[in-house]
Amino acid sequence: MAEPKVKYDRQLRIWGEQGQTALEKSSICLLNCGPTGSETLKNLVLGGVGSITVVDGSKIEEGDLGNNFMVDESSIGQSKAKCVCAFLQELNDAVKAKFIEEYPEELIETNPSFFSQFTLVVATQLVEDSMIKLDRICREANVMLILARSYGLTGFVRISLKEHAVIESKPEHFLDDLRLNNPWPELKSFAEGFDLNVQDPVVHKHIPYVIILVKMADEWAKSHGGALPSTREEKKEFKELIKARMVGQDEDNYKEAIEASFKVFAPKGISSDLQQIINDNCIEADSNSSDFWLLVAALKEFIAHEGGGETPLEGSIPDMTSSTEQYVNLQNIYQAKAEADFVAIERLVRSLLKKVGRDSNSIPKTMIKSFCKNARKLKVCRYRLIEDEFNSPNLPELQKYLTDEDYSTAVGIYILLRAVDRFAANYNSFPGQFDSAMDEDVPRLKSTAVGLLSDLGCNGATLAEDLINEMCRFGAAELHAVAALVGGIASQEIIKKLHYLGSSQLITRQFVPMSGTFIFNGIDHKSQLLSL
């Protein structure tokens with residue numbers, strides 16, 4: 001068997017050893033192992049999750065051979081859960097795998113405590129009633145739930161859990177934490193040692209742009225009553241002042257300073273998003289507080305006192321034109337400040353842990369350090385109960401989607417995926433499942449969808465006739481190509497959630513999972529998120 005570092009080399013480069021360790025500690029339960037479920041679990045098994053449990057009471061039929069690559073002709077008549085489980089085990093023998101030959105709907109009704117043993121439950125191809133019941137069960141057990149379904153050329157993915165805290169959100173575009181508009185004493189002192197009017201051209205062209213901007217910002221503030229450039233005209237003037245200090249066309253450091261001048265104009269202090277997090281009701285620390293909220297409580301204290309309104313410094317600087325000695329010295333100043341801020345946060349965390357009656361060392365240094373480095377980028381995601389969304393959706397949003405040309409098809413699919421379950425409950429089959437009933441099923445599905453919209457408060461709303469016809473034409477088929485895409489999206493969201501296992505709760509440290517319901521529209525080759 002290959003060493004884990006070799007086997008998982010590519011993904012380790014993305015989420016690191018800590019993220020991989022978290023995956024290897026996770027326990028996943030899959031409900032229904034048709035193509036959607038099998039494709040979802042395949043990606044997780046290849047990624048190296050700890051253990052999987054496949055729950056499915058059906059037998060393999062001839063029709064399964066055309067949409068599920070994890071079964072073959074010799075499997076016909078055998079347990080689907082057993083065959084898929086065996087195939088997945090072959091893909092990665094480091095993953096513990098077992099199967100249960102039982103229909104998920106029966107398990108949800110008769111043994112709800114079964115689900116509490118898992119880190120996460122992946123429920124595929126469930127009808128609405130079962131989704132609602134399972135969601136309640138998982139919420140009470142504090143188990144994360146991912147719902148996924150493919151239906152003809154359409155599909156959806158929905159995450160459900162009370163709360164999801166993200167430390168390493170890894171945003172694509174985020175301002176470097178350089179504090180050019182609010183330098184601390186050591187950075188100010190270091191900058192004062194440079195003369196922007198130095199006569200030596202070699203020295204002049206190697207002054208780091210960070211120093212140029214700190215000094216120029218200080219000069220501007222002294223002549224403008226302590227204020228930094230704010231208007232468009234002032235910002236343009238500030239750039240011209242930097243340009244005027246250039247003594248040669250080849251001074252890349254000054255060009256970098258002009259390009260990075262917008263970093264001086266950024267507002268001081270913390271963002272409104274972070275302000276909302278540190279003002280959250282969960283900030284009141286007690287013995288039941290998660291590690292994340294204890295860290296946030298310490299952060300709030302730091303910002304109010306030691307930080308002077310700022311988060312802990314990240315401590316890294318970008319590449320820039322400079323002599324090696326000056327760059328290293330500048331880097332050391334940033335790293336020293338970051339380390340001092342970390343020490344202050346750690347002291348606050350240890351004190352809080354002691355105050356709430358927990359072991360003062362129960363939150364590891366590595367987690368505190370990561371938290372400090374990413375404090376500006378924290379995210380907290382909260383999700384509505386499935387039942388609440390289904391019974392009382394955000395009506396203004398729903399009405400907007402129905403009349404928005406860009407979203408009308410996506411919300412139409414959302415409504416019809418719910419309508420087909422009502423249809424099945426009323427007529428004991430899905431629309432279009434039998435060719436002989438197709439002519440009757442189209443008006444029946446239309447009537448069911450209109451009734452559902454009326455129940456949701458959208459009286460008089462209708463859906464496109466072509467879309468209703470297509471949903472009937474699908475006949476509840478689970479196509480492999482669509483299942484592979486939906487399963488890929490579901491597994492991607494699961495991996496975002498399994499990157500750190502806290503002492504009693506699951507806390508994500510990397511990437512922000514999607515909020516809302518993901519709708520795949522294979523008819524128009526589009527995918528969209530609905531916030532209802």
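The values are calculated or read from the model by the stated rules, or taken from the named source; none is laboratory data. Being a predicted model, the structure only gives us computed values, none of them experimental. Ideal geometry is used to build each Cβ from the backbone, glycine not excepted, and the neighbour counts take in all protein chains shown. To get the accessible areas, we keep the full protein, side chains included, count just its heavy atoms, and leave off ligands, DNA and RNA. Shrake-Rupley method; radii C 1.70, N 1.55, O 1.52, S 1.80 Å.
For the range 272-381, take N as its residue count and report Rg(C-alpha) divided by 2.2 N^0.38 Å.
1.18
What FRET efficiency, computed as 1/(1 + (r/R0)^6) with R0 = 35 Å and r the Cβ-Cβ distance, is obtained for Leu65 and Met514, rounded to the nearest 0.05? Please report the intermediate quantities before stating the final value.
Values: r = 33 Å, r/R0 = 0.94.
With a Förster radius of 35 Å, E is 0.60.
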Rounded percent of accessible protein surface that carbon and sulfur make up, the range 272-381, 1.4 Å probe: 46
Protein accessible area in the range 391-474, 1.4 Å probe - carbon and sulfur %: 44
Under 13 Å, Cβ to Cβ, from Asn43 - net charge with Lys/Arg +1 and Asp/Glu -1: 0
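How large is the Rg to Rh ratio of the range 365-442 when both quantities use alpha carbon positions and Rh follows Kirkwood? Show your work: numbers first, answer last.
Values: Rg = 21.0 Å, Rh = 16.5 Å.
Ratio value, two decimals: 1.27.
In terms of solvent-accessible area of protein heavy atoms at a 1.4 angstrom probe, what is the ranking of Tyr327, Tyr407, Tyr103, highest value first?
Largest to smallest exposure gives the sequence Tyr103, Tyr407, Tyr327.
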Tilt relative to the chain, helix 9-25 - C-alpha long axis, 0 to 90 degrees, to 10: 60
Distance in nm between pseudo-label sites at Asp129 and Glu90 (7 Å out along the Cβ direction from Cα): 3.8
Neighbourhood charge, 11 Å Cβ-Cβ cut-off, centred on Leu417 and excluding it, Lys, Arg +1 and Asp, Glu -1: +2
Sequence-distant lysines (8 or more away, or on other chains) whose Cα lies within less than 23 Å of Lys98: Lys7, Lys25, Lys42, Lys59, Lys80, Lys82, Lys497
Cα→Cβ-extended label distance, 7 Å offset, between Glu440 and Asn142, nm: 5.1
Full-stretch length increase - Ser360, Gln199 - with 0.36 nm per residue and alpha-carbon distance subtracted: 52.4 nm
Taking the chain and dividing mean pair separation by its residue count, relative contact order in percent (alpha carbons under 8 Å, at least six apart): 21
Accessible area per residue in Å² at 1.4 Å probe, computed on the chain: 46
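Report the calculated FRET efficiency for Asp72 and Glu405 (r = Cβ-Cβ distance, R0 = 35 Å), to the nearest 0.05.
Numbers: r = 45 Å, r/R0 = 1.29.
Result of the calculation: an efficiency of 0.20.
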With Cα atoms, 0 to 90° folded angle of helix 408-427 axis to the chain main axis: 30
Charge tally in the Cβ shell below 11 Å around Asp435, where Lys, Arg are +1 and Asp, Glu are -1, Asp435 excluded: -1
Angle in degrees between helix 209-223 and the longest Cα principal axis of the chain, rounded to the nearest 10: 70
Computed label-point distance, nm, for sites Asp252 and Ser51 using a 7 Å Cα→Cβ extension: 5.5
Relative contact order [Cα under 8 Å, 6+ residues apart], the range 272-381, whole percent: 34
Residue range of the chain that is longest and free of GluC sites (Glu not before Pro) which are both DSSP loop and sparsely packed (at most 16 other C-beta within 10 Å): 406-532
Exposure of Phe156 as accessible area (Å², to 10), given a probe of 1.4 Å and all protein chains: 20
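Rg/Rh for the chain: what does it come to with C-alpha atoms and Rh from Kirkwood? Don't jump to the answer; show the numbers that get you there.
On the way: Rg = 28.3 Å, Rh = 26.6 Å.
With Rh from the inverse mean 1/r over Cα pairs, Rg/Rh is 1.06.
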Backbone N within the range 439-457 under 15 Å of label point (7 Å from Asn391 Cα along the Cβ vector): 455-457
